[in-house]
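The values are calculated or read from the model by the stated rules, or taken from the named source; none is laboratory data. It should be emphasised that the depicted structure is a prediction, and the values quoted were computed from it without experimental measurement. Reconstructed Cβ throughout: ideal geometry from the backbone, glycine too, with neighbour counts over all protein chains shown.
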Amino acid sequence: MSFQQINLLHVMYGGHSHNIPLGRLALKNRKIFFEYDSSFLELGLELSPFKLPLQRGAHACDDQIFDGLFGVFNDSLPDGWGRSLLDRKLRKMHINPVSLTPLDRLSYVGSRGMGALIYQPEIAEASAAIENDDLDRIADECFQFQEHDDDGHIDELLALNGSSAGARPKVLMGPWIIKFRSFVDPKDIGPLEYAYHLMAVEAGLDVPEAKIFKSKKCPGYFGVKRFDRVNGKSIHMHTLSGLLQIDHQVPSLDYEMLMKATLWLTKDVRECERQFRNAVFNVLAHNRDDHAKNFSFLMDESGTWRVSPAYDLTFSGGPGGEHFMTVMGEGRDIKKSHLLKLAEVVSIKAKDAAEIIDRVCDAVARWRDFAGEAGVSRASSKNVKVTLEDFLSRF
């Protein structure tokens, strides 16, 4: 890997049967500009309708939330684990990560990003393939990197990570994203997340296929199928964070904004009901890591938007013990009345909203069943059970 500062990037859209020129990103006078390709304008596909309208001429982002990058392109960049790997690799090469511009980082992503955007020129990086038998070894390498600052396997970890986002260590194995334990996670984090997956299925959420990958050293690793790839085809994906140009690390949103964005983008009350179910599940299942990057939308080749399958569902405390996103202004002591008011925002019928809430309640009340099926330890199961039952009793 070698870096030479990039001032011009060509962006391709891979959401059709062949790659289509989307436009150009340029860095000039420390400001990033984007211009659509004229042929793409003729397609009429709005990839980021809120912040990057389908118009001719050079577009410049007016804020520095993503270092001057439009949110739709920032969605392609890894954060958390992926970013820390790349930064460590750069330091090992005696390159200060701060010296990289967003265009440099997008060039490293190239064709390996989540979603359907491709960046050229692409900084070539060796690919790596793993099998089930390699997972324990990779998990140990991830742990050594985090706990003991050991970068001896940095090249392999980088190659396996792709450009996936999120704080937890993870690798790509074919269509699967497999997560490993971070040093702050419980040892049974894999079964714990799988139990939440089973609970979400029972609650009626649309979730990707998931399973536990076996291990000889721990209770197993949680794996989830990518939903931005279908039959070898890339699907355009846009997070709420990128769509609204909002820093996901700062608690600044209410679910009301998510619901309004869902209605505006999809223009379909059925999609709003799916999103409402996601919100209800997060509240009742104590998933308080509900920041703006944990909600996404998918766009098909005709330009139709829908809510993505729900992901990153697990037991979490949130900032200061509250949800990242409030519900009608409340971040901790959320009641049924708050959720019913949320449903009203997008004209979901009270009867339908109540039925969604009841089904999610019934699923969450069966936590011990899902924990047992997934192999969650008694201690973790009890910890979650106490919290969930306490909340439901007051709900």
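Check the range 160-176 and report whether any residue there is within 28 Å of His286 (Cα to Cα), charged (D, E, K, R), assigned to a strand (DSSP E or B) and free of Cβ contacts under 8 Å to residues at least 60 places away in the same chain.
No, because not a single residue in the range 160-176 is within 28 Å of His286 (Cα to Cα), charged (D, E, K, R), assigned to a strand (DSSP E or B) and free of Cβ contacts under 8 Å to residues at least 60 places away in the same chain.
Kindly provide the set of residues from the range 71-112 that are crowded, with 23+ Cβ neighbours inside 10 Å, outside any helix (DSSP H, G or I) and modelled with pLDDT of 90 or more, ordered by number.
Scanning the range 71-112 gives Asp75, Ser76.
Collect the residues in the range 379-391 that are over 26 Å from the mean Cα position of the chain (by Cα), within 16 Å of Glu322 (Cα to Cα) and either surrounded by 13 or more Cβ atoms within 10 Å (Cβ to Cβ) or not assigned by TED's automatic domain parsing to the domain that holds Val283 (or both), keeping them in residue-number order.
Within the range 379-391, just Phe391 meets the criteria.
Restrict the check to the range 205-219 and report whether at least one residue is among the small types (Gly, Ala, Ser), touching a residue at least 60 places away in the same chain (Cβ under 8 Å), under 30 Å from Arg378 (Cα atoms) and outside any helix (DSSP H, G or I). Steps first, answer last, please.
Initially, the range 205-219 is screened for residues among the small types (Gly, Ala, Ser), giving 210, 215.
Checking which are touching a residue at least 60 places away in the same chain (Cβ under 8 Å) leaves us with 215.
Now restrict to residues that are under 30 Å from Arg378 (Cα atoms): 215.
Subset that is outside any helix (DSSP H, G or I): 215.
Looking through the range 205-219, at least one residue is among the small types (Gly, Ala, Ser), touching a residue at least 60 places away in the same chain (Cβ under 8 Å), under 30 Å from Arg378 (Cα atoms) and outside any helix (DSSP H, G or I).
Which is among the acidic types (Asp, Glu) and under 29 Å from Thr304 (Cβ atoms), of Asp75, Asp67?
Sole residue among the options that is among the acidic types (Asp, Glu) and under 29 Å from Thr304 (Cβ atoms): Asp75.
Scan (1) of a type outside the set (S, T, N, Q); (2) more than 23 Å from Phe295 (Cα to Cα); (3) over 27 Å from the mean Cα position of the chain (by Cα) for the single condition Glu355 breaks and write down its number.
(2)
Scan the range 15-53 for residues that are in a loop (DSSP other than H, G, I, E, B), buried (at least 18 other Cβ atoms within 10 Å of the Cβ), of a type outside the set (A, V, I, L, M) and at pLDDT 95 or above and jot them down.
Matches in the range 15-53: Ser48 only.
For Leu172, are the conditions met, namely being modelled with pLDDT under 85 and in contact with a helix residue (DSSP H, G or I) (Cβ under 7 Å, 6 or more places away or on another chain)?
No: the conditions fail for Leu172.
In the range 342-364, how many are buried (at least 16 other Cβ atoms within 10 Å of the Cβ) and not in a helix (DSSP H, G or I)?
Total meeting the criteria: 2.
Output the qualifying pairs, or none if there are none: Cβ atoms under 8 angstrom, residues six or more apart or on different chains, first residue in the range 339-364 and outside the structural domain of Ala203 (by TED's automatic domain parsing) and farther than 22 Å from Lys385 by Cβ, second residue exposed (fewer than 13 other Cβ atoms within 10 Å of the Cβ) and of a type in the set (A, V, I, L, M).
Every condition considered, the pairs that remain are Leu340/Ala350; Ala343/Ala350; Glu344/Ala350.
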